[in-house]
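S.K.: What follows is a structure written as structure tokens; I'll ask about it next.
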Amino acid sequence: MDKYKKLITNTAVLALGTLGSKILVFLLMPLYTRLLTSAQYSTADIISQTANLLIPLISLGMYEAVFRFAMDKDIKSEKVLTTGLYVTLAGCVIFALFLPLLCKIGYFDGYFPLVYLYVFCASVHYLVSRYTRAIGQNTLFALQGIISTALNITFNIIFLIGFDMGVTGYVLSVIVSDLLVSLFLFIKLGLLKKIAPSNFSRELFGTMLKYSVPLIPTTVFWWVTNVADRYIIRAVIGDDINGLYAAAFKIPTILLLLSSVFTEAWQFSAVVEKDGADKKEHAEFFGVVFNSFQSMLFMSAAVLIALSQIFADILFAPSYFDAWRYMPLLICATVYSSLVTFMGSVYLVDKKSMLSFITALMGALVNIVLNIVLIVPYGANGAAFATLACYVIVYVIRAITTRRMIPFNQHTVKVSVNTALIIMQSIFLISEHAYAYPIQAISIILIFALNAKPILAGAMKILKKRTG
């Protein structure tokens, strides 16, 4: 199958299986914002984000190594799976030994057992779902995404409405859905037959660990970039504003979902298509895909920014409406987060995890400094700008370093113009300028005019490949 066609096919499968179901989660935002106060929502978000920080530390990032090494044709996938799972379970056992001590941390108001359950179930789910992707079971991967979302919604309704469990119910819905989906994948793929002590390889463990260890701090640094501001906002400004800020993230997540569906398929294609490919043709492949990808990102962002207030009015309870003020800059930050991920696919292809580590470290350091400087005078929007600034810096660094590996066309001028337009949109909207809405309309027209052509050209290229 032609590489362009394969990329489109994989993206379509993942989109049908995951995008529609995940968007249903946004329909629960009215439920969350009406049944949880902004302070409760802040606590639930802090629990979830703390668990997400601990997952790569406890599992040693084995889920990332399983995804990368299970795609290698010269390594038995059963060995990769067994080695990764054993290490993950060992990490969870060690984590459990420290649980009595960690439960004494007052910051979590007695919720740390929920943090542990979240980490355990999510770690196993991450590993088996990435293994599913790595062995090419994209349809099954999409199906498990649908099941996970359906279960999450169901248990949210049961725990929040049926049992009025508040913060505990919010977190438990994620835990139970992760656990049940993991069991589903174990049964569907017959993983119990593949997991055996004889398949554990110390040599492979060392190789996988060498790859995953730099990704552990990398993941932590990205967590710092994305989440540390919420801890600072909670400490400096309070739970109420932090609850609004956490809710505001839900709208940029729409854009993140769109890009992540594509990224799931793209990372697989980027690795697989490297084998035996001509360097010039491979670089052209990256350039064509990047051009279409960045075009879709900026076009989507322009629309989302313009509709920020409408989204807040529809999805949030009245007490959460002011969250719209933080959306525009967070949407801009999400665009660059997605571009950074695309550039990281070059590192993935060449297994340059150390470069991922270094660039993520730089981003985290910039983010922390800017948060400290900007949150006090500018509030939550200072945090949003700090997030945007660090992603832009990391993108520039990655754009420069990746040219040495795969010299593809990065369309620097177009990306710069697009960036200027969405930032202008954000400034006028946040400041509630008299010309805010005309600026939104003008920016959207310019961005669509600038970016529609490469998308159409890319589509024509794919059609010609199919009919050629």
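S.K.: From the backbone phi of the stretch 82-93, what are the Karplus-calculated ³J(HN,Hα) couplings (6.51 cos²θ - 1.76 cosθ + 1.60, θ = phi - 60°) in whole Hz, Gly and Pro given as x?
M.R.: My calculation for the stretch 82-93 gives 4, 4, x, 5, 4, 5, 4, 5, 4, x, 5, 5 Hz in order.
S.K.: Right, next: Roughly how large, in nm² to one decimal, is the mean projection of the convex hull of the alpha-carbon atoms in the chain?
M.R.: Working: hull surface 87.5 nm².
Quarter of the Cα hull surface area: 21.9 nm².
S.K.: Measuring from label point to label point, each 7 Å out along Cα→Cβ, what is the residue 417 to residue 75 span in nm?
M.R.: The answer from the label model is 4.4 nm.
S.K.: Can you work out the Karplus-derived ³J(HN,Hα) for every residue in the stretch 191-203? Use 6.51 cos²θ - 1.76 cosθ + 1.60 with θ = phi - 60°, whole Hz, and x for glycine or proline.
M.R.: 5, 4, 6, 8, 8, 8, x, 5, 8, 6, 10, 5, 5
S.K.: Ignoring the sites themselves, what is the longest stretch of the chain with no trypsin sites (Lys or Arg not before Pro) in a DSSP loop and at most 16 other beta-carbon atoms within 10 Å?
M.R.: 105-273
S.K.: How big is the dipole moment of the chain about its Cα centre under a simple scheme where the beta carbon of each Lys and Arg is +1, that of each Asp and Glu is -1, and everything else is neutral? Debye, nearest 20, please.
M.R.: 1500 debye
S.K.: So with the 1.4 Å probe, I'd like the accessible area per residue for the stretch 164-264, rounded to whole Å².
M.R.: Values: 4160 Å² over 101 residues.
That works out to 41 Å² for each residue.
S.K.: Provide the gained length on full extension for the span residue 279 to residue 31, in nm with one decimal, where the gain is 0.36 nm per separating residue minus the Cα-Cα distance.
M.R.: Between residue 279 and residue 31, full extension yields an extra 84.2 nm.
S.K.: Take the Cα gyration tensor of the stretch 115-168, multiply each eigenvalue by 5, square-root it, and list the three semi-axes largest first, rounded to whole angstrom.
M.R.: Over the Cα atoms of the stretch 115-168, the ellipsoid semi-axes are 27, 15, 4 Å.
S.K.: Calculate, for residue 183 and residue 161, the FRET efficiency according to 1/(1 + (r/R0)^6) with r their C-beta to C-beta distance and R0 25 Å; round to the nearest 0.05.
M.R.: 0.50
S.K.: From the P(r) of the stretch 29-99, could you give the percentage of C-alpha pairs in the tail past 21 Å?
M.R.: Beyond 21 Å sits 48 percent of the P(r) for the stretch 29-99.
S.K.: Can you work out the FRET efficiency for the pair residue 198 and residue 97, with r the C-beta to C-beta distance and R0 = 35 Å, to the nearest 0.05?
M.R.: Working: r = 28 Å, r/R0 = 0.79.
Calculated value: 0.80.
S.K.: How many percent of Cα pairs in the stretch 282-358 exceed 15 Å?
M.R.: 65 percent
S.K.: From Cα pairs below 8 angstrom and at least 6 apart in sequence, can you work out the relative contact order of the chain, rounded to a whole percent?
M.R.: Worked out over the chain, it gives 21 percent.
S.K.: Can I ask one more? Put a dot 7 Å past each Cα toward the Cβ at residue 361 and residue 57; how far apart are the dots in nm?
M.R.: 1.8 nm
S.K.: Something else: Can you give the FRET efficiency for residue 431 and residue 236, using 1/(1 + (r/R0)^6), R0 = 25 Å, r = Cβ-Cβ distance, to the nearest 0.05?
M.R.: It comes out at approximately 0.65.
S.K.: Write down the Å³ per residue value for the convex hull defined by the alpha carbon atoms of the stretch 328-460.
M.R.: Working: hull volume 14.0 nm³, N = 133.
It is 105 Å³ per residue.
S.K.: Along the three principal axes, how long is the stretch 140-211 when you take its alpha carbons, biggest first, rounded to the nearest angstrom?
M.R.: 50, 25, 20
S.K.: Let me ask something else about it. Between the DSSP loop rule and a limit of at most 14 other Cβ atoms within 10 Å, which chymotrypsin sites (Phe, Trp or Tyr not before Pro) in the stretch 31-140 are left? Display every interim value, and only then the final one.
M.R.: On the way: sites: 32, 41, 63, 67, 69, 86, 95, 98, 107, 108, 111, 116, 118, 120, 126, 131; in loops: 98, 111.
Those that pass, being in a loop and sparsely packed, are 98.
S.K.: State the Cα centre-to-centre distance between the stretch 156-223 and the stretch 31-90 in whole Å.
M.R.: If you average the Cα positions of each part, the centres end up 5 Å apart.
S.K.: Relative contact order of the stretch 34-117, please, whole-number percent, based on alpha carbon pairs below 8 angstrom and at least 6 residues apart.
M.R.: This gives 32 percent for the stretch 34-117.
S.K.: Would you report the distance distribution of C-alpha pairs in the stretch 68-121 as whole percents per 10 angstrom bin, up to the bin with the largest distance?
M.R.: Whole-percent P(r) values from 0 Å outward: 22, 35, 22, 16, 6.
The values are calculated or read from the model by the stated rules, or taken from the named source; none is laboratory data. Everything numeric here is computed off the predicted structure, so don't read it as measured data. Methodologically, a virtual Cβ is constructed for each residue, glycine included, from the backbone with ideal geometry; neighbour enumeration extends over all protein chains shown. Note: accessible area is taken over every heavy atom of the protein model, side chains too, but ligands, DNA and RNA are not part of it. Shrake-Rupley method; radii C 1.70, N 1.55, O 1.52, S 1.80 Å.
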